[in-house]
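Contents: one structure, followed by commentary.
Computed from the coordinates by the stated procedures, all read-outs in this text should not be read as laboratory data. Note that this is a predicted model, so its numbers are computed, not measured. No Cβ is skipped: glycine too gets one built from the backbone with ideal geometry, and neighbour counts run over all protein chains shown.
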Amino acid sequence: MLPAPAQSTQTTRFQEKREALLDAAARHFNAQGVRGATLGEIAGGVGLVTTSLTYYYRKKEDLATACFLRAIVAHEALALQAAADVPADAPDAVAQRVQRFLALHARMLAEIDGGARPALIVFSDIRALPEAQAAEVFGAYTDMFRRVRALLDGPQTAALGRDDLNARAHLLLSAAHWQRAWLPRHASEDHPRLAQRHAQLLLHGLAAAGSVWPTEAELAPLGLDAVAAAAPHSTDLLLGEHQAGDPTADAFLRAATELVNEQGYRGASVDRISARLHVTKGSFYHHNETKLDLISACFDRSFAVLRQVLRAATQAGGPVWQRTCAASVALVRFQLGAQGPLLRNSATSALPDEPQREHVRRQFQQLTGQLASLLVDGMEDGSLRPHDPAIAAQLLTSAINAAAEVQRWVPGIHPGNATALYTRPALLGLLCPA
């Protein structure tokens, strides 16, 4: 039986209002983080009072969960469409699917930026949800991850093991998510061409013909692992009254970095940081003036590691291909090692102070520009194939940034095997043999 016209109109109005609410909430969560956003501010964005918003979602966490699930469905649809658009028996099916997935993702972002499609929440704040909601969202995200991993199944990757496929699927999905960081800087009509370049770099890597993956014996003389290990103890890094080389200060920095990556700035409370180190709040304030001072020091520490490794790679001798490999290897190992992780780029959005957010964004942009400059040197010396260095720098940055959570998808990965499983395909391309 068809619904009565009044009921149909009411249902349509409800759906439209809920979609507008999810759009406003996604934008607000992206700007403030799940922990920092409030129901009142979100309600105001769609002309509601807080009590009216709770008619749709009783708690902020319920609203955030709905936003995450909607974004997951959207990404899963892209993976399904990419798979459907490419014949399963095509000899280069994997390459075609990856190209199609990134092209569809770029188009989706352009439609969001142009207002033709509602905003989608970024995935970096899932761990800020309470345990029950986080479990639901992670379950849905894992199903979506499997859809993306299925794009890599084909003759070109038949010899790859499960860990290899998981690591490469994580690289692919992270590269897609990272498009948000750089595609909006270009005109929307250029997005299809840029997405094609992006896919070609991800699939086939940076190495020029004749450039092979360097051995450990060839990487070791560059000493970039040692540079990364020493960078957090630079004399210009201060934490309150303590030098960053102080073991207690370093422990606070690492704990705060982990929590900001997981929970955002507001979720990384003094209580949580203290609990992770099994110390009292009194101990926290003995070593740190404020939480903001500590988080600022976390950014300084991460920037010091990135900057000093890239500087050492730029100034070293030898082919740029080997230097680029050595820098990437060192940074991924640092992420997975006892001194890691580095602060993720997504931590920037939830900082409470706009001037500080802008300062941090500028630092990230400068580091990406430094990497792009190194890649230009590689084209000049012939060890890197011709490519768009701006896009390649963004792609490598996304891989290094995403290494902080690769253990979720490859539980057995560690600094000793990360090069083979993760860093090597990040530079040689997803289609390189195991």
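In plain terms, the residue of Asp271, Asp164 with the fewest other Cβ atoms within 10 Å comes first and the most crowded comes last, giving Asp271, Asp164.
Note on the chain: helix-only mean residue ellipticity at 222 nm, from DSSP H runs of 4+ residues weighted -39500 (n - 2.57) and normalised by residue number, equals -21500 deg cm²/dmol. In terms of its C-alpha gyration tensor, region 93-148 comes out oblate, because a/c is 1.5 or above while a/b does not outweigh b/c.
For region 412-417, backbone phi angles converted through the Karplus equation (6.51, -1.76, 1.60; θ = phi - 60°) give residue-by-residue couplings of x, 6, 7, x, x, 10 Hz, Gly and Pro being listed as x. Scanning residues 5 or more positions from Ala207 or on other chains, those with amide H under 5 Å from its amide H are Arg385, with H placed 1.01 Å from N in the peptide plane. For region 163-214, what does the alpha-carbon gyration tensor say about shape, rounded, prolate or oblate, given a ≥ b ≥ c as the root eigenvalues, a/c under 1.5 as rounded, and a/b over b/c as prolate? The shape class here is oblate. Over the chain, the Kirkwood radius and the radius of gyration, each from Cα atoms, give a ratio Rg/Rh of 0.98.
The distance from the alpha carbon centre of region 284-304 to that of region 105-143 is 29 Å, rounded to a whole number. Remark: spin-label model distance Arg357-Ala220 equals 4.7 nm, labels positioned 7 Å along the Cα→Cβ axis.
Backbone geometry of region 153-161 corresponds, through the Karplus equation with coefficients 6.51, -1.76 and 1.60 at θ = phi - 60°, to 3J(HN,Hα) couplings of 7, x, x, 6, 10, 4, 8, 7, x Hz, x marking Gly and Pro.
Between Ala251 and Val49, full extension at 0.36 nm per residue minus the direct alpha carbon distance yields a gain of 68.4 nm.
What helices does the chain have that are whole DSSP H segments, at least 18 Å long along their own axis by Cα, and with mean Kyte-Doolittle hydropathy of -1.0 or more?
Helix filter hits for the chain: 5-36, 60-84, 93-113, 131-150, 162-182, 191-204, 247-267, 291-315, 320-336, 354-381, 389-402.
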